[in-house]
1. Taking interchain pairs and intrachain pairs at least six residues apart, which have beta carbon atoms under 8 angstrom, with the first residue in segment 202-215 and touching a residue at least 24 places away in the same chain (Cβ under 8 Å) and within 12 Å of Thr245 (Cβ to Cβ) and the second among the polar types (S, T, N, Q) and part of a loop (DSSP other than H, G, I, E, B)?
2. Among the numbered criteria (1) over 24 Å from Val71 (Cα atoms); (2) open to solvent by 10 Å² or more (accessible area, probe 1.4 Å), which one does Lys325 miss?
3. Trp225 versus (1) of a type in the set (A, V, I, L, M, F, W, C); (2) surrounded by 17 or more Cβ atoms within 10 Å (Cβ to Cβ); (3) farther than 25 Å from Gly148 by Cα: which is the lone unmet condition?
4. Within segment 194-219, track down each residue that is open to solvent by less than 50 Å² (accessible area, probe 1.4 Å) and closer than 15 Å to Leu250 by Cβ.
5. Take the conditions over 20 Å from Tyr117 (Cα atoms), of a type in the set (Gly, Ala, Ser), touching a helix residue (DSSP H, G or I) at 6+ places or on another chain (Cβ under 8 Å) and open to solvent by 10 Å² or more (accessible area, probe 1.4 Å) and apply them to Ala11. Does it pass?
6. Specify the residue that is farthest from Val315 (Cα to Cα); the eligible residues are those in segment 327-344 that are outside any strand (DSSP E or B) and in contact with a strand residue (DSSP E or B) (Cβ under 7 Å, 6 or more places away or on another chain).
7. Go through segment 14-40 and give me each residue that's open to solvent by 30 Å² or more (accessible area, probe 1.4 Å), closer than 22 Å to Arg179 by Cβ and either among the hydrophobic types (A, V, I, L, M, F, W, C) or under 23 Å from the mean Cα position of the chain (by Cα) (or both).
8. Among the residues of segment 98-113, are any in contact with an Asp or Glu (Cβ under 9 Å, 6 or more places away or on another chain) and either over 24 Å from Ala44 (Cβ atoms) or modelled with pLDDT under 95 (or both)?
Amino acid sequence: MTDIEMRAAQASEYDAVQAVFGAAMMFEVTPDDLGRQLFEPERALVATDGDEIIGTTRALTRDLSVPGGVVPAAHVTGVGVKSTHRRRGVMSGLIGQQLREVPEAIAVLWASEPAIYGRFGYAAAAWGTSYEVDLHRVGPPSGPIRPGELGELTKDEALKELPRILGEMQQLRAGVSDRSELRWQKHLEDKPDDRGGRTALRIVAHRDETGTVDGYALWRGKMVWSATGPAYEVNVEELVAPTPTAYRVLWQHLLTMDLSAKLGYGYGAVDEPLLQLVSTPTALDRRVSESLWLRITDVQRALQERQYAVPVDVVLEVTDDLIEKNAGRFRLTASDSAVTCEPTDSPADLTLSTTELSAAYLGGRPLAEFATTGRVAEHTPGTLNQATAAFRWPLAPVSLEVF
């Protein structure tokens, strides 16, 4: 790869960067003013062959909820290499350099090809549930929706109300990404060409007894007719309802849409309480798959930035083939009031790599899962159970968007 160079992008190279990524993912790049405003050239790495950009990866500056808090996380996206330059180590060079340089202690992404990112220490840290619901069979709980609880918001109203609700969801579940004002504008952008044959975006909100918005859903409909009549489709793009009442009322509304036969939703948690709200759970056709992948880039800092479910005092011997500072022994001590993680020469209680730590980091996967295949080794009896209980979190992590 001697003829390939890597450097930060320039602001003027947005179109070229998007073109490389679009070609790699086989989609057409269209003009995007908000995307251009959100572009962070200093956080975009490009690989060049002469004057031509032939590879790219980007890190977005965003925060992520983790057990007990919200922390900076490099949101990695736009990874692609021109087909003419495959199998020359370009992607490996880009990803490796990016992970060694990001200032955040963790990096996250949605993996189009999971096999690629596992080579670099990423691990699936959150699993998502997608639903295809038979609305004729699902049988949502009976009971009226009281007038005044639900209403539609305009885009301007949503830009004022929804960020607060998303922030409340970050306090409830790990894996939820924040959105700046500009990113909210992008999220609610509703170009006709992006609707996939569905209606314009609907923004429905629930208000509590004081009139305060405490939950919302973003959805679209699609007119479909079958031989027996209307069989419309409801597509839920996002539902955020931190309170039980808002959650129940919003789902009751969406599951009882007139003329509709099917509902789709792609961003549920593995412990999504939707199952509790229907009388026929088998009408919820569910598919569970990996969603958010995570890579710890700074072990000491990352382990200090989250909280733990129970007190723990354990020495971890960590291996990392990519980031030298992560390799070594660390003593993790956590109580209800403090968390410390310091390098130590004490004997190791557990041995594992940053991959296993990354998988367990959001509290959704038990460390003991990896002991069954030898990827976590216990040296001090009892410490595996202690560490597993400490890293777990009461609610499963969830990621609400592909970024």
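The values are calculated or read from the model by the stated rules, or taken from the named source; none is laboratory data. Remember, it's a predicted structure, so these values are computed and weren't measured experimentally. Methodologically, a virtual Cβ is constructed for each residue, glycine included, from the backbone with ideal geometry; neighbour enumeration extends over all protein chains shown. All accessible areas refer to the heavy atoms of the entire protein, side chains included, with ligands and DNA or RNA removed. Shrake-Rupley method; radii C 1.70, N 1.55, O 1.52, S 1.80 Å.
1. Asp208/Thr243; Asp214/Thr243; Gly215/Thr243
2. Failing condition for Lys325: (1).
3. Tallying (1) of a type in the set (A, V, I, L, M, F, W, C); (2) surrounded by 17 or more Cβ atoms within 10 Å (Cβ to Cβ); (3) farther than 25 Å from Gly148 by Cα, Trp225 fails exactly one: (2).
4. If the condition is that a residue be open to solvent by less than 50 Å² (accessible area, probe 1.4 Å) and closer than 15 Å to Leu250 by Cβ, then Ile203, Val204, Ala205, His206, Asp208, Val213, Asp214, Gly215, Tyr216, Ala217, Leu218, Trp219 are the ones that fit.
5. On the way: over 20 Å from Tyr117 (Cα atoms): yes; of a type in the set (Gly, Ala, Ser): yes; touching a helix residue (DSSP H, G or I) at 6+ places or on another chain (Cβ under 8 Å): yes; open to solvent by 10 Å² or more (accessible area, probe 1.4 Å): yes.
Yes; evaluated as a whole, the condition is true for this residue.
6. Of all residues in segment 327-344, those outside any strand (DSSP E or B) come to 327, 335-338, 344.
Checking the rest, the ones that are also in contact with a strand residue (DSSP E or B) (Cβ under 7 Å, 6 or more places away or on another chain) come to 327, 344.
Numbers: Ala327: 13, Thr344: 8 Å.
Applying the filter and picking the extreme gives Ala327.
7. Scanning segment 14-40 gives Gln18, Phe21, Arg36, Gln37, Glu40.
8. Checking segment 98-113: not a single residue is in contact with an Asp or Glu (Cβ under 9 Å, 6 or more places away or on another chain) and either over 24 Å from Ala44 (Cβ atoms) or modelled with pLDDT under 95 (or both).
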